[in-house]
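The values are calculated or read from the model by the stated rules, or taken from the named source; none is laboratory data. Values in this document were obtained by computation on a predicted structure and should not be read as measured data. No Cβ is skipped: glycine too gets one built from the backbone with ideal geometry, and neighbour counts run over all protein chains shown.
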Amino acid sequence: MNSSSPTLAFIGGGNMAQAILGGLIRAGHPPDRLLVVEPWAEQRERLQRAFGLTPLSAAGAELARADTVVWAVKPQLFREAAAPCAAHVGGALHLSVMAGIRTDALVQATGSARVVRAMPNTPALIGQGIAGLYARPEVNTAERRTVEALLTPTGASLWVDREADLDAVTALSGSGPAYVFYFVEAMMVAAQDMGLSAEQGKLLALATFAGAAELARRSDDPPSVLRERVTSKGGTTHAALQSLQADGVAEAFVRALKAAQQRARELGDEFGG
């Protein structure tokens, strides 16, 4: 490794780190300027096979070469992981993809106030995710662009002005894929109840979700107008929506999202901030 070259370091080499690493390498980022600290041997072997990297089992002076550090460890392991890094990363830009770890905790642990916190979601693994981003005031415009470039291979990004807004992002998009899977499961059950197979129900449900989401994305009309266009009074869609309204599904769903937001706040309190 050329010690004069700026290096991108990853603390943790799990799924989200691999999603970013894979995108960077596919985009032509030199592997010899990527440094990964991963204590688990099995994960190190996986990184070596997938990307040709040689991860470190423990943090050391090599981290001093990093101009950007990506934190991708489990939140409950953050303090332990940060301790041996602190002496080497005070001059770096820091990007965290850890849930629940607030930027104050990152500043305290690393000695750098240049911290961006991201809340990605699992479709990032196939380049179809979206990440909510919050930057501390010390992060400049160029550094924001650096973060955006790092996350581009995983999907879209959205900046928020307040760190507390990431709790809402967590509730909406961070946990959001699970809501879609939940409804797909329900549609598969309904398919079987109506005489189709579970596999047929899955195919119909997934195609419908994907198509409707893309239509909404491309349309200038709000979702309410798109919904009204396929809802003829007295028709099949009208019957279904009336049933959902009678059961209070929309209200229950809003309550569920607020419960997720509250739990995100609690986790932030638990893990430090």
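Evaluate the range 36-50: report whether one residue or more is part of a loop (DSSP other than H, G, I, E, B) and among the small types (G, A, S).
There is no residue in the range 36-50 that is part of a loop (DSSP other than H, G, I, E, B) and among the small types (G, A, S).
Which one is farthest from M119 (Cα to Cα), of the residues in the range 79-95 that are touching a helix residue (DSSP H, G or I) at 6+ places or on another chain (Cβ under 7 Å) and crowded, with 20+ Cβ neighbours inside 10 Å? Per the stated criteria, the residue is H88.
Yes/no matrix, rows are residues, columns are (1) surrounded by fewer than 11 Cβ atoms within 10 Å (Cβ to Cβ); (2) of a type in the set (D, E, K, R):
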{"site": "M194", "(1), (2)": "yes, no"}
{"site": "A198", "(1), (2)": "no, no"}
{"site": "A207", "(1), (2)": "yes, no"}
{"site": "G211", "(1), (2)": "yes, no"}
{"site": "E214", "(1), (2)": "yes, yes"}
{"site": "S224", "(1), (2)": "yes, no"}
{"site": "E228", "(1), (2)": "no, yes"}
{"site": "G234", "(1), (2)": "yes, no"}
{"site": "Q242", "(1), (2)": "no, no"}
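Total residues in the range 219-236 satisfying the condition of being over 24 Å from G176 (Cα atoms) and of a type in the set (S, T, N, Q): the figure is 3. Annotation note: Cβ proximity below 7 Å between a residue of the range 192-212 that is farther than 30 Å from G129 by Cα and a residue that is among the small types (G, A, S) (sequence gap 6+ or interchain) occurs for Q192/A198; Q192/G201. Among residues of the range 164-192 being surrounded by fewer than 17 Cβ atoms within 10 Å (Cβ to Cβ) and not aliphatic (A, V, I, L, M), the one that is farthest from N121 (Cα to Cα) is Q192. Only one entry of A156, A131 meets the criterion of being over 23 Å from K258 (Cα atoms), within 12 Å of the chain's Cα centre (by Cα) and not in a loop (DSSP other than H, G, I, E, B), and that entry is A156. Across the range 181-203, the qualifying residues are those that are in a helix (DSSP H, G or I) and of a type in the set (S, T, N, Q), and the one among them that is nearest to the chain's Cα centre (by Cα) is Q200.
Would you be able to say whether some residue in the range 142-163 is more than 15 Å from I20 (Cβ to Cβ) and touching a residue at least 60 places away in the same chain (Cβ under 8 Å)? For the range 142-163, residues more than 15 Å from I20 (Cβ to Cβ) and touching a residue at least 60 places away in the same chain (Cβ under 8 Å): present.
Only one of the listed residues (G91, G100) is under 24 Å from the mean Cα position of the chain (by Cα), of a type outside the set (A, V, I, L, M) and in a loop (DSSP other than H, G, I, E, B). That residue is G100. Looking across A142, A109, A124, one residue alone is in the same structural domain as C85 (by TED's automatic domain parsing), loosely packed, with under 15 Cβ neighbours inside 10 Å and either in contact with a Leu (Cβ under 9 Å, 6 or more places away or on another chain) or of a type in the set (A, V, I, L, M) (or both). It is A142. As a summary of the residue check, D167 satisfies the conditions (1) in contact (Cβ under 8 Å) with a residue 60 or more places away in the chain; (2) in the same structural domain as R102 (by TED's automatic domain parsing) except for the one numbered (2).
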